[in-house]
Amino acid sequence: MGSEKIKVGVLGATGSVGQKFIELLVDHPWFEIAELGASERSAGKKYVDATNWIMKSPLHNNVADMIVKACVPNFESKLIFSGLDSSVAEEIETDFANAGYFVISNSRNHRFDKDVPLMIPEVNADHLKLIESQPYKGGIVTNPNCSTIGMVLALKPLHDAFKIKKINVVTMQALSGGGYPGVPSMDILDNVIPFIDGEEEKMETEPRKILGKLGAGEILFDNDIQISAQCNRVAVIDGHLETIQVEFESKPSKDEIIDAWINFKGEPQKLNLPFAPKNPVHYFAEPNLPQPKLQRDLENGMAASVGRLREDALFHYKFIVLSHNTIRGAAGGTILNAELLKAKGYLDNIV
Ligand code: NAP
């Protein structure tokens with residue numbers, strides 16, 4: 001592409017996912033932050049006054065001084081990243097798409113719309129074609145739930161090679177997955193909360209669409225896989241850890257599973273997209289890895305780490321997967337979706 005970057009607007013810019021977008025996009029080679037949107041509480045204020053900046057990197061002056069806008073489709077930027085609260089995302093994202101904007105969203109609202117791709121670029125890049133069936137002047141592309149993304153990245157190469165029949169997953173999910181300030185400290189310190197509203201349903205349904213086949217204007221869900229999920233909130237800041245048991249149509253060897261993981265590459269790696277991890281899945285042979293504190297930032301937070309692969313008494317195998325929930329599972333995953341859109345030519349006419 002030429003030297004001109006694509007201007008992007010961030011909706012929900014003051015929230016945790018919104019802040020992560022801003023942190024990750026600062027030096028992006030293709031995209032530049034041009035506009036920020038949030039609720040009426042924040043609109044009209046300087047960004048620095050509207051948000052409680054909790055990212056590790058300092059807030060850049062040019063972003064700090066931007067005036068936050070209301071989330072109405074009068075933005076100049078035609079590419080929109082959405083980290084909107086799900087109570088408002090449905091209507092606002094639809095309004096933007098109808099008005100000609102490309103909305104790449106983290107919110108759950110449009111994930112199961114018939115013509116909206118639920119994308120993990122390494123897994124189902126071909127689903128992007130659904131955009132062409134959308135009634136909008138622009139378009140909507142969604143990210144799966146943060147726990148689903150880590151799990152499906154680890155399962156995709158195994159499903160392709162050995163066909164998965166059953167999955168049992170138990171999650172230990174980080175606090176940042178619930179937004180800021182999230183669960184009160186008095187509730188989570190010295191504790192585990194064995195309930196995250198809506199999360200188990202998302203983990204049990206989203207993989208069926210992501211692993212489904214592209215049909216005419218819709219995805220033909222992979223309904224042959226049985227999935228059971230149990231989700232827990234733990235006192236970790238970033239990084240969802242999941243224990244997974246899996247059964248296949250025919251049982252592979254341990255080495256075949258490890259080979260499938262370490263050789264796994266998808267469209268983002270072939271296209272050499274800026275946010276693509278070199279290897280989407282990293283295998284650890286050490287008996288005590290992966291761990292959130294040690295592996296969550298691997299490949300800039302965009303890779304999933306797997307380990308503790310062993311035979312299981314109930315299913316064929318069990319293992320652990322870890323992924324960064326606000327990077328791979330939210331803002332970073334959304335940016336990778338937008339990069340794929342750009343690389344496939346869908347953004348050619350919006351600059
Ligand atoms: P959050 O910290 O609560 O931020 C919500 C954002 O939505 C804020 O910018 C807020 O603006 C804005 N907002 C609220 N009401 C609004 C309204 N009426 N009009 C316009 N904007 C409004 O939430 P979050 O954790 O960043 O999550 C954002 C979305 O991403 C959610 O749908 C969530 O489910 C999803 N998600 C989160 C994660 C994660 O790891 N955190 C992962 C995957 C997906 P104000 O500051 O002005 O109120």
Let me spell it out: the conditions are (1) within 16 Å of the ligand (Cβ to nearest atom); (2) open to solvent by less than 10 Å² (accessible area, probe 1.4 Å); (3) acidic (D, E), and D297 meets all of them except one. Which number is the exception? (2)
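Answer yes or no as to whether K78 is basic (K, R), touching a strand residue (DSSP E or B) at 6+ places or on another chain (Cβ under 8 Å) and closer than 23 Å to A343 by Cβ. Don't jump to the end; show me each part of the working.
Details: basic (K, R): yes; touching a strand residue (DSSP E or B) at 6+ places or on another chain (Cβ under 8 Å): yes; closer than 23 Å to A343 by Cβ: yes.
Taking the combined requirement at face value, the residue satisfies it.
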When you look at K202, is it assigned to a helix (DSSP H, G or I) and basic (K, R), yes or no? yes
List every residue pair whose Cβ atoms sit under 7 Å apart, with the two residues 6 or more apart in sequence or on different chains, where the first one lies in the range 170-198 and is of a type outside the set (S, T, N, Q) and the second, anywhere, is away from the ligand (no atom under 16 Å from the Cβ) and in a strand (DSSP E or B). V170/Q230; V170/T243
Within the range 182-236, can you find the residues that are open to solvent by 30 Å² or more (accessible area, probe 1.4 Å), modelled with pLDDT of 95 or more, touching a helix residue (DSSP H, G or I) at 6+ places or on another chain (Cβ under 8 Å) and closer than 26 Å to P290 by Cα? V183, I193, K202, S228, Q230, A235, V236
Among (1) over 21 Å from P117 (Cα atoms); (2) within 7 Å of the ligand (Cβ to nearest atom), which single condition is V88 missing? (1)
Which pairs have Cβ atoms under 8 Å, sit 6 or more apart or on different chains, and link a residue in the range 147-165 that is in a loop (DSSP other than H, G, I, E, B) to one that is open to solvent by 10 Å² or more (accessible area, probe 1.4 Å)? K163/E249; K163/S250
Which listed residue is of a type outside the set (K, R), more than 27 Å from G178 (Cα to Cα) and not in a strand (DSSP E or B), from E247, E256: E256
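Residues that are more than 11 Å from the ligand (Cβ to nearest atom): find the helices (runs of 4 or more DSSP H) completely inside the range 1-83 holding 3 or more of those.
16-25, 61-64
The values are calculated or read from the model by the stated rules, or taken from the named source; none is laboratory data. Keep in mind the model is a prediction, meaning the values are calculated, not measured. For neighbour counting, all protein chains shown are included, and Cβ atoms are generated from backbone atoms with ideal geometry for every residue, glycine included. For accessibility, only protein heavy atoms count, side chains too; no ligands or nucleic acids. Shrake-Rupley method; radii C 1.70, N 1.55, O 1.52, S 1.80 Å.
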